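Below: one structure, written as structure tokens.
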């Protein structure tokens, strides 16, 4: 139980701070520290992310950072994708899911490193949204 508490707190902080789905932290932690299988970890993570997403979105919206039409479209389209993804995940082995998840994390890390190593120090598209940090609403 203590492991789950620590994973939940750490996942919430990372999700709120970096805007990543808590699953990036939840899934590996559930497998490594709680001994869940890949299918169980992914399913548990999906449920755990719901309250994290609600709180994070509410707080970010209060700062004016949520582009509501885009968020609504992403959310609605993701419903069908999630249903298809669950069906596919249940047809695949845990080892394949684990390896695919690891590959995804490596690709995300490479993309983040590439952005951090840009000569001007800015992420692609950052200049266009620079005004948002001064309180402007998009």
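The values are calculated or read from the model by the stated rules, or taken from the named source; none is laboratory data. In this text the structure is predicted, and so the values were computed from the model without any measurement. FYI the Cβ positions are ideal-geometry reconstructions off the backbone, even for glycines, and counts take in every protein chain you see.
Does residue 72 satisfy the condition of being over 18 Å from the mean Cα position of the chain (by Cα), at pLDDT 90 or above and more than 26 Å from residue 13 (Cβ to Cβ)?
Working: over 18 Å from the mean Cα position of the chain (by Cα): no; at pLDDT 90 or above: yes; more than 26 Å from residue 13 (Cβ to Cβ): yes.
No; evaluated as a whole, the condition is false for this residue.
Quick check on residue 108: is it in contact with a helix residue (DSSP H, G or I) (Cβ under 7 Å, 6 or more places away or on another chain) and either in a helix (DSSP H, G or I) or modelled with pLDDT of 90 or more (or both)? Reasoning before the result, please.
Details: in contact with a helix residue (DSSP H, G or I) (Cβ under 7 Å, 6 or more places away or on another chain): no; either in a helix (DSSP H, G or I) or modelled with pLDDT of 90 or more (or both): yes.
No; evaluated as a whole, the condition is false for this residue.
Does residue 84 fit the bill of being in a helix (DSSP H, G or I) and surrounded by 13 or more Cβ atoms within 10 Å (Cβ to Cβ)?
The answer is no for residue 84.
So, of the residues in region 44-64 that are at pLDDT 90 or above and closer than 17 Å to residue 14 by Cβ, which turns out to be surrounded by the most Cβ atoms within 10 Å (Cβ to Cβ)?
My answer is 44.
Counting just the residues of region 12-29 that are assigned to a loop (DSSP other than H, G, I, E, B) and touching a helix residue (DSSP H, G or I) at 6+ places or on another chain (Cβ under 7 Å), which one comes out modelled with the lowest pLDDT?
Going through the qualifying residues, I end up with 21.
Would you mind stating whether residue 41 is modelled with pLDDT of 85 or more, more than 14 Å from the chain's Cα centre (by Cα), within 21 Å of residue 109 (Cβ to Cβ) and part of a helix (DSSP H, G or I)? Even if it seems obvious, please write down each step before you answer.
Details: modelled with pLDDT of 85 or more: yes; more than 14 Å from the chain's Cα centre (by Cα): yes; within 21 Å of residue 109 (Cβ to Cβ): yes; part of a helix (DSSP H, G or I): yes.
Yes: the conditions hold for residue 41.
In region 30-42, what count of residues is obtained for those that are without any contact (Cβ under 8 Å) to a residue 40 or more places away in the chain and either under 17 Å from residue 91 (Cβ atoms) or touching a helix residue (DSSP H, G or I) at 6+ places or on another chain (Cβ under 6 Å) (or both)? Even if it seems obvious, please write down each step before you answer.
Kept after step one, since they are without any contact (Cβ under 8 Å) to a residue 40 or more places away in the chain, are these residues of region 30-42: 30, 32-36, 40-41.
Keeping just the survivors that are either under 17 Å from residue 91 (Cβ atoms) or touching a helix residue (DSSP H, G or I) at 6+ places or on another chain (Cβ under 6 Å) (or both) gives 30, 33-34, 36, 40-41.
Residues flagged as without any contact (Cβ under 8 Å) to a residue 40 or more places away in the chain and either under 17 Å from residue 91 (Cβ atoms) or touching a helix residue (DSSP H, G or I) at 6+ places or on another chain (Cβ under 6 Å) (or both) within region 30-42 amount to 6.
Restricting region 15-29 to residues that are crowded, with 17+ Cβ neighbours inside 10 Å and within 9 Å of the chain's Cα centre (by Cα), which is farthest from residue 88 (Cα to Cα)?
Ranking the qualifying residues of region 15-29, first place goes to 15.
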